[in-house]
Every structure is written in structure tokens, then in C-alpha cells.
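The values are calculated or read from the model by the stated rules, or taken from the named source; none is laboratory data. Owing to the predicted nature of the structure, the values given are computational and were not obtained by experimental measurement. Counting neighbours? That spans all protein chains shown, and the Cβs are built from the backbone with ideal geometry, glycine included. To get the accessible areas, we keep the full protein, side chains included, count just its heavy atoms, and leave off ligands, DNA and RNA. Shrake-Rupley method; radii C 1.70, N 1.55, O 1.52, S 1.80 Å.
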Amino acid sequence: MATAALTVQVQEQAFDPGALQQALASADSGAVVTFTGHVRGGAGAAAVTCLELEHYPGMTERSLLAILEDAAARWPLLAAAVVHRVGRLGPGEPIVWVGVSAAHRGEAFAACDFIMDFLKTRAPFWKKEHGPAGAAWVESRGSDEERAARWQPSTDGAG
Amino acid sequence: MLRVLFFARVREQVGCDSLELPWSEDRATVHGLLSGLCQRGPQWQAALGQPNLVVAVNQRVADSAARLQAGDEVAFFPPVTGG
């Protein structure tokens with residue numbers, strides 16, 4: 001099997017999910033699965049007027065690539081890509097995009113889910129929410145760790 | 001030298017984002033480095049004494065027993081919240 005094309009981008013600028021999806025597909029892609037995460041706006045006292053994203057340059061890119069490599073080792077993927085924004089974002093703006101291309105939908109769905117679970121629990125990004133009540137760091141959630149724990153170490157490559 | 005980095009809430013609590021410290025026997029492990037940093041004051045103790053503190057050595061998550069060598073990059077940060 002050919003090596004999957006894996007790409008990671010961490011950037012301040014906005015991105016266009018449609019253009020990213022088009023770039024991911026190839027003639028052999030029977031299935032392209034994508035996920036776009038947006039900044040939640042919240043309401044009332046919990047309203048978010050701005051989301052600030054800090055990261056660890058170097059380790060961020062390295063850990064995202066390691067997650068894509070893990071996914072490509074588990075499932076036969078044609079391509080996988082992550083784009084994650086940093087800096088200041090407004091409510092509703094896309095913050096993260098994951099795209100997976102494969103011959104069939106099963107592995108594309110599974111790999112996209114896997115990549116997001118590990119991105120949320122392993123990649124060194126931190127969110128700070130700004131709103132009417134001031135600014136506060138977002139707390140990590142145990143439910144994210146539980147989701148990531150669903151993926152047992154793969155020994156047979158079948159995931 | 002050791003390059004020491006702090007991120008997010010930890011960075012705000014200690015009031016600095018990086019330090020350069022000479023390597024020494026006292027700083028031969030993550031635990032040793034942490035003990036010295038905690039003596040810098042109550043904010044340092046509060047930030048670095050958190051039970052959920054994450055440590056990375058040369059950009060890989062490590063534990064407090066990890067050995068340190070001159071030239072290593074050590075980072076301290078809270079649990080991640082990206083995505």
C-alpha cells in the first residue's frame with residue numbers, strides 16, 4: 001500500500017473547509033470524511049465574545065503528525081490532514097478541521113473520529129474564553145479522555 | 001543549559017514564559033528541576049504543584065523521574081484543551 005499523504009497546519013488565518021476538502025480528494029478516494037469544529041458562542045453570562053488559543057510551537061506540529069501517523073498505521077488511508085487555528089477567534093468561526101480520504105467509508109469515519117479524540121487530549125493547545133464576566137481558561141474534560149481511551153492500542157492494524 | 005518553558009495558566013501564574021538555567025546535579029531529573037522552581041515563591045509552588053501538571057521533555061510528554069541533560073527543553077503546562 002502506498003504511504004498516506006499526511007499534512008499538519010497550525011495557523012492564525014481563517015481557512016475554507018470546502019477548499020481543504022477538495023484538495024484532499026484524489027482519483028482513488030472512495031470516501032472523504034471531514035470534521036469542522038467551530039467556536040461556540042454561548043449565551044448570557046457564559047457568552048463568549050472571543051476565544052484565545054495558545055499552543056506550544058514545535059510540539060504542536062510534532063504531536064499532530066504523530067496522531068496522523070498512528071491513524072495511518074491503523075487504517076488504510078490515502079490522505080489525512082489537520083488544520084488548527086491559534087490566536088484570537090470570534091464566535092462561530094471554524095477553529096479546527098480534520099479530513100481523511102480512504103477507499104471506503106468505514107476506515108475514513110473511524111480515522112477521523114480517532115484523530116479528533118487524540119487531538120483533543122494530546123496536542124498542546126489551550127483555550128481561553130473572553131466574555132462579559134472576564135477571561136477564563138477552559139478546563140479539560142474527563143469525557144474527552146474517556147473518548148480517547150476507547151481506542152485500544154492496535155496490534156493487528158485493523159483498529 | 002536547560003531551556004524551561006511555561007504555557008497557558010501555568011505561564012500566567014509564574015509570570016514568565018521561559019527560563020534558561022544551567023544544568024546541575026540538582027536539575028538532573030524533572031523532579032529535581034521542579035523542586036528548585038517551587039522554591040522561587042508561592043505562585044511557583046501553586047502553579048507547579050498542581051496534580052494535573054503536564055511535563056514535556058524535548059517536546060514529548062514525560063514523568064517526573066525523567067532524566068535531564070544539558071541542552072534539553074523542558075515544558076510545564078496544564079491539561080490540553082484544543083480542538
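Would you be able to say whether some residue in the stretch A:6-25 is surrounded by 14 or more Cβ atoms within 10 Å (Cβ to Cβ), part of a strand (DSSP E or B) and not hydrophobic (A, V, I, L, M, F, W, C)? Scanning the stretch A:6-25 turns up at least one residue that is surrounded by 14 or more Cβ atoms within 10 Å (Cβ to Cβ), part of a strand (DSSP E or B) and not hydrophobic (A, V, I, L, M, F, W, C). Take A:Phe35 and tell me if it is in a loop (DSSP other than H, G, I, E, B), under 16 Å from the mean Cα position of the chain (by Cα) and farther than 18 Å from A:Lys127 by Cα. Answer is no for this residue. May I ask you to list pairs of residues, at least six apart or on different chains, whose Cβ atoms are under 8 Å apart, with the first in the stretch A:4-33 being more than 23 Å from A:Ala66 (Cα to Cα) and the second being part of a helix (DSSP H, G or I) and at pLDDT 95 or above? That search, which allows pairs on different chains as well, returns A:Gly30/A:Arg105. The residue of the stretch A:114-142 that is farthest from the chain's Cα centre (by Cα), among those that are free of Cβ contacts under 8 Å to residues at least 60 places away in the same chain and over 25 Å from B:Ala75 (Cα atoms), is A:Gly134.
Against the conditions (1) assigned to a strand (DSSP E or B); (2) within 14 Å of chain A (Cβ to nearest Cβ), B:Pro79 satisfies every one except (1).
Contact map, the stretch B:27-45: residues that are over 16 Å from B:Val57 (Cα atoms) paired with residues that are of a type in the set (Val, Ile, Thr), Cβ distance under 7 Å, separation 6+ or inter-chain. Pairs shown: B:Gln43/B:Val14; B:Trp44/B:Val14. Across the stretch A:82-100, a minimum of one residue is classified as more than 14 Å from chain B (Cβ to nearest Cβ), touching a residue at least 12 places away in the same chain (Cβ under 8 Å), out of contact with any Ser or Thr (no Cβ under 7 Å at 6 or more places or on another chain) and under 30 Å from A:Ala27 (Cβ atoms). Per this entry, A:Glu145 is counted among residues that are within 14 Å of chain B (Cβ to nearest Cβ), assigned to a helix (DSSP H, G or I), acidic (Asp, Glu) and open to solvent by 50 Å² or more (accessible area, probe 1.4 Å).
So which of B:Ala66, B:Ala47, B:Ala56 is more than 14 Å from chain A (Cβ to nearest Cβ) and of a type in the set (A, V, I, L, M)?
Of B:Ala66, B:Ala47, B:Ala56, the one residue that is more than 14 Å from chain A (Cβ to nearest Cβ) and of a type in the set (A, V, I, L, M) is B:Ala66.
Restricting the stretch A:32-88 to residues that are at positive phi and at pLDDT below 95 leaves a set whose member that is surrounded by the most Cβ atoms within 10 Å (Cβ to Cβ) is A:Gly42.
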